[in-house]
1. Label-point separation (nm) for T94 and I68, each offset 7 Å from Cα along Cα-to-Cβ?
2. Multiplying the sequence separation of D58 and E377 by 0.36 nm and subtracting their Cα-Cα distance, what value in nm do you get?
3. If you take every DSSP beta bridge whose two residues both sit in the range 72-293, what share of them, in percent to the nearest 5, is antiparallel?
4. Assign one of three labels to the chain, namely rounded, prolate or oblate, based on the Cα gyration tensor with a ≥ b ≥ c the square roots of its eigenvalues; rounded applies when a/c is under 1.5, prolate when it is not and a/b is larger than b/c, and oblate otherwise.
5. Can you give the angle from 0 to 90° between the axis of helix 82-96 and the longest principal axis of the chain, with both taken from C-alpha atoms, to the nearest 10?
6. Tell me, in nm to one decimal, what length is gained between K169 and K363 on full extension, where the rule is 0.36 nm per residue of separation less the Cα-Cα distance?
7. Name all residues of the range 35-77 having a backbone nitrogen under 12 Å from the label point set 7 Å from the Cα of V24 along its Cα→Cβ direction, giving them as ranges.
8. Using DSSP to call loops (not H, G, I, E or B), can you name the trypsin sites (Lys or Arg not before Pro) in the range 83-178 whose Cβ has at most 15 other Cβ atoms within 10 angstrom?
Amino acid sequence: MSNVQLNSRTGAIALSDRVGRISVSSTLAVMMEAEKLRAEGADIVDFGAGEPDFPTPDNVKEAAIRAIRDNFSKYTAAGGTSEVRAAIAYRHATDFGTSYAPAEVIATAGGKQAIFNLISCLINPGDDVLLPVPFWVTFRDVINYAGGRAILVETREEENFDLTAEMVKEALTPRTRLVIVNSPSNPSGAVIPAPELERILEVTANHGALLLTDECYCHFLYEDKPFSVAALPGAKEHVAVVGSLSKTYAMTGWRLGYALAPAPVVSAMVKLQSHSTSNPSSIAQKAAVEGLTGPQDSVQVMLKEYHRRRDFVIERLHGIPGVTCTVPRGAFYAYPNVAAFLHSGDHPGAKSGGTASPNEMAKKLLREAGVAVVPGEAFGTEHHFRISYATSMENLAEGLRRIKRFFSEQTH
Ligand SMILES: Cc1ncc(COP(=O)(O)O)c(C=O)c1O
């Protein structure tokens with residue numbers, strides 16, 4: 001006799017309410033659909049994947065090979081070795097001027113695990129979390145999973161999706177425990193200028209809410225200087241930094257991220273991690289130490305190339321009649337507005353005969369033009385899709401040529 005609990009009405013296996021509150025990451029859904037078409041022989045240009053097309057730097061690879069040869073293959077402390085935690089604190093101190101003690105650092109299996117742990121440790125059912133729109137999809141799902149309520153803070157596209165302290169202040173509720181910022185932003189590439197981030201911190205700290213700053217793209221800035229709000233005097237007790245080696249060192253598959261936060265928060269995160277994944281991979285930790293403390297030239301090489309691609313993509317997008325796009329100041333995404341091709345009718349200039357939503361449009365673009373993009377619904381907006389330009393110039397030129405042709409056919 002099975003002891004799996006079945007729903008008495010439908011006969012289906014009853015899953016938890018928690019997991020019912022989240023959905024499959026739509027970024028992954030697009031990648032899977034593109035992969036399927038490719039396996040059937042279709043020629044797909046993939047602008048969906050949010051990961052560097054560069055290989056992991058050689059010095060990092062060599063450090064991992066050494067770790068394997070040295071049999072560094074046992075469990076480590078759940079929150080990472082003291083060596084990797086010191087390396088994380090060292091890099092942050094060197095780049096931004098912060099000063100974090102080992103008890104304020106946790107190494108995780110990717111930035112995603114840091115976010116998951118952090119939100120799980122801070123949010124009770126019914127707590128509010130402020131989330132600026134457009135947002136990276138995982139934030140909303142993890143808030144929902146934790147039983148929190150995501151309070152969406154609308155930014156204005158005409159103002160480059162800039163988040164201001166005023167917007168944060170207006171959105172605060174008595175139950176706001178956490179405010180999330182992600183600068184540079186995935187998906188819009190918006191960057192919060194340092195003085196504004198300082199004002200946002202003032203607002204959140206006065207309210208008694210923690211500021212979660214996702215710095216996963218902090219080294220990929222085209223106009224601004226790298227900056228961490230955690231470096232401001234007195235900031236540390238009001239801030240939780242989440243970071244990752246995924247993008248900075250082209251290490252998405254290695255799964256190494258981190259958080260820097262007040263010691264009680266970190267120790268709760270370590271406790272949770274000790275019962276879920278335990279430590280991040282011991283080999284990846286050794287590789288991370290080399291990435292964080294070794295030469296940083298590869299980051300500058302990638303930044304220069306992303307900058308070149310950013311300029312190219314924006315110029316091409318601006319050359320498509322009906323498409324508008326704010327200029328991203330960081331990360332490696334463009335977030336074009338395609339409202340003119342949607343027939344929802346709630347915006348001036350909408351064409352008849354178009355598709356109803358970015359979701360439908362992305363499917364059509366994939367099937368008819370062979371280009372994979374992520375529809376804006378995933379990021380909380382209704383008139384956009386996201387293009388990742390972490391791919392070769394050749395792919396960018398071909399994909400944008402296809403997109404231009406696709407839209408010229410939509411309007412005729
Ligand atoms: C804004 C943002 N934060 C965090 C992450 C987490 O990346 P990882 O789990 O690979 O470190 C990503 C990945 O796409 C991201 O875009």
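1. Label at T94, label at I68, 2.6 nm between them.
2. Extending this stretch completely gives an extra 111.1 nm.
3. That works out to approximately 30 percent antiparallel.
4. rounded
5. Roughly 60 degrees between the two axes.
6. So the extension gain works out to 66.0 nm.
7. The answer is 35-36.
8. In loop regions of the range 83-178 (DSSP not H, G, I, E or B), the sparsely surrounded trypsin sites (Lys or Arg not before Pro) are R156, R175.
The values are calculated or read from the model by the stated rules, or taken from the named source; none is laboratory data. These numbers were taken from a predicted model, which means no experiment stands behind them. Virtual Cβ from ideal backbone geometry, glycine too; neighbours counted across all protein chains shown. For the accessible areas, the whole protein counts, side chains as well, though only heavy atoms, and no ligand, DNA or RNA atoms are used. Shrake-Rupley method; radii C 1.70, N 1.55, O 1.52, S 1.80 Å.
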